[in-house]
1. Restricting attention to region 41-90, and to residues there that are β-branched (Val, Ile, Thr) and part of a helix (DSSP H, G or I), which single residue is farthest from the chain's Cα centre (by Cα)?
2. Can you report the number of residues in region 279-302 which are part of a loop (DSSP other than H, G, I, E, B) and either at positive phi or without any contact (Cβ under 8 Å) to a residue 12 or more places away in the chain (or both)?
3. Please list, ordered by first then second residue, the pairs with beta carbon atoms under 8 Å, 6 or more apart or interchain, first in region 68-86 and more than 28 Å from Ser119 (Cβ to Cβ), second outside any strand (DSSP E or B) and of a type in the set (Asp, Glu).
4. So how many residues does region 384-403 have that are surrounded by 14 or more Cβ atoms within 10 Å (Cβ to Cβ) and either modelled with pLDDT under 90 or closer than 14 Å to Ala370 by Cβ (or both)?
5. Test each condition in (1) at pLDDT 95 or above; (2) among the hydroxyl-bearing types (Ser, Thr, Tyr); (3) surrounded by fewer than 19 Cβ atoms within 10 Å (Cβ to Cβ) for Tyr108 and report the one that comes out false.
6. Name, by its number, the condition in (1) at pLDDT 75 or above; (2) within 30 Å of Gly270 (Cβ to Cβ); (3) among the hydroxyl-bearing types (Ser, Thr, Tyr) that does not hold for Ser413.
7. I want to confirm something. Restricting to region 162-178 and keeping residues that are surrounded by fewer than 17 Cβ atoms within 10 Å (Cβ to Cβ) and in contact with a helix residue (DSSP H, G or I) (Cβ under 9 Å, 6 or more places away or on another chain), which single residue is modelled with the highest pLDDT?
8. Looking at region 44-79, which of the residues that are aliphatic (A, V, I, L, M) and in contact with a helix residue (DSSP H, G or I) (Cβ under 9 Å, 6 or more places away or on another chain) is surrounded by the most Cβ atoms within 10 Å (Cβ to Cβ)?
Amino acid sequence: MNRKCRSILARFLDALLVAVLVLGPGFSIPAAAHTRSESHSAWLIKGNTVHLQFTVPDLESKRITPDGEMPSVEQLGDYIAGHVGAFSGDDACKRTEGPRPVATAPGYRRYEFTFECPSDDDIKVNDSAWFELVETHTNFAQIQTDDGQFIEQLITKDQQTLDVSASAASPLQNAGFLTFLEMGMEHIFTGIDHMSFMLGLVLISRRIRDLLFVVTGFTIGHSLTLGLAVTGVLRPDAQFIDALVAFTIAMIGAENLGDSTHKPLVVALGMGGLMVLLAVARHLGAPVILPTALLIGAGIFGSNYLMLTGHMRDAGRVRLVMTLVFGLIHGFGFASNLLDMKLPSGRLAQLLFGFNFGVEIAQVIVVLTAVLIAAILVKLRMALPRPIVTDIAASFLVAEGLVWFLSRTIVFS
């Protein structure tokens, strides 16, 4: 690598570091950097009676006190009691016992509760503890009913009430591996935004090696964040992810335009300038949902990347890093659909592997189909010159991505 390339790469890495530091506040990462914010609950339904064991780490317990000190047993029990409950239909169940502290492992506190419901129909359980303190807090709930059902589900800020009636059991509980695989494939084939991004990767790749680089980076990225999101380790705001997925489509189109027109500076200034304008608009009170730091960080990262690849003769390996970053974003998008479902108890690993494998199969089909159609058109001498095809397709991707991005970023009440 010559001195000029090393200088450009160094600039890019510096920009990447700045972007990561700036982008970080835009994601709802748990307050404690070394651990996620979590608690655990075990619900036992017997007729119209609901028994609850609620377990919380000491780290979470300290969040409820203004000074961050460990609360008393009574203080913590009262806090939990005010945030948990059960319902029969729309009627609240009466708490008849608890909070009763019970022995548990060191570093944790556990309390037991009992609720009596008006009837045993349409039982629901509710937990709102810690969500007002840590938005990304996750409660790992285990629910056992008197008819033998065992349900595992995540309680999050967006889903604080779980329906545990027999009819609400996970539709995936008895599903096989092929069902999970089919879900992953369907997510790609029915997701126009994800498919558009994959076609953009094909468009930017002049050689099979380049295509392997970008697809590999994308696969690593989305596989990582899919697992992190579904297991509750890291869960950014869903609205932010939808907007950023659209931004990745516009970016892949912009990179194609910069590459074909040999004017990466103009394209980089355009993409970066748009993000800065949105940040200014938000500061002035416009209804822009993305945080200012996230907008500026995305603008810095995107414009520097476009400048870097625009001045490199062979940007294949650098694109692997970029598509890995984009894959991280798309992985959170993949997870959003799964998080809307009741996850099958004890089968999370099989679900993740099957769903991810289905996504990979669908991606390969999309990529190979696009390459095959292009090869056939070239063979029949029906293909337009590559620069024309690239410019038209890239312009469409930029327009499509920006329309989606702006519609998901600017929300009028």
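The values are calculated or read from the model by the stated rules, or taken from the named source; none is laboratory data. Being a predicted model, the structure only gives us computed values, none of them experimental. Using ideal geometry, Cβ is built from the backbone for each residue, glycine included, and neighbour counts are taken over all protein chains shown.
1. Pass one, region 41-90, residues β-branched (Val, Ile, Thr): 45, 49-50, 55-56, 64-65, 73, 80, 84.
Remaining after also requiring part of a helix (DSSP H, G or I): 64, 73, 80.
On the way: Ile64: 27, Val73: 36, Ile80: 28 Å.
Applying the filter and picking the extreme gives Val73.
2. To start, the set of residues in region 279-302 that are part of a loop (DSSP other than H, G, I, E, B) comprises 284-287, 289-291.
Checking the rest, the ones that are also either at positive phi or without any contact (Cβ under 8 Å) to a residue 12 or more places away in the chain (or both) come to 284-285.
Within region 279-302, residues that are part of a loop (DSSP other than H, G, I, E, B) and either at positive phi or without any contact (Cβ under 8 Å) to a residue 12 or more places away in the chain (or both) number 2.
3. Met70/Asp58
4. Step one: of region 384-403, the residues surrounded by 14 or more Cβ atoms within 10 Å (Cβ to Cβ) are 389-391, 393-398, 400-402.
Then keep just the ones that are either modelled with pLDDT under 90 or closer than 14 Å to Ala370 by Cβ (or both); that gives 389-391, 393-397.
Residues that pass the stated criteria total 8.
5. (1)
6. (1)
7. Leu178
8. Filtering region 44-79 down to residues aliphatic (A, V, I, L, M) leaves 44-45, 50, 52, 56, 59, 64, 70, 73, 76.
Okay, now just the ones that are also in contact with a helix residue (DSSP H, G or I) (Cβ under 9 Å, 6 or more places away or on another chain), so 56, 64, 70, 76.
Numbers: Val56: 24, Ile64: 19, Met70: 14, Leu76: 22.
Among them, the one singled out is Val56.
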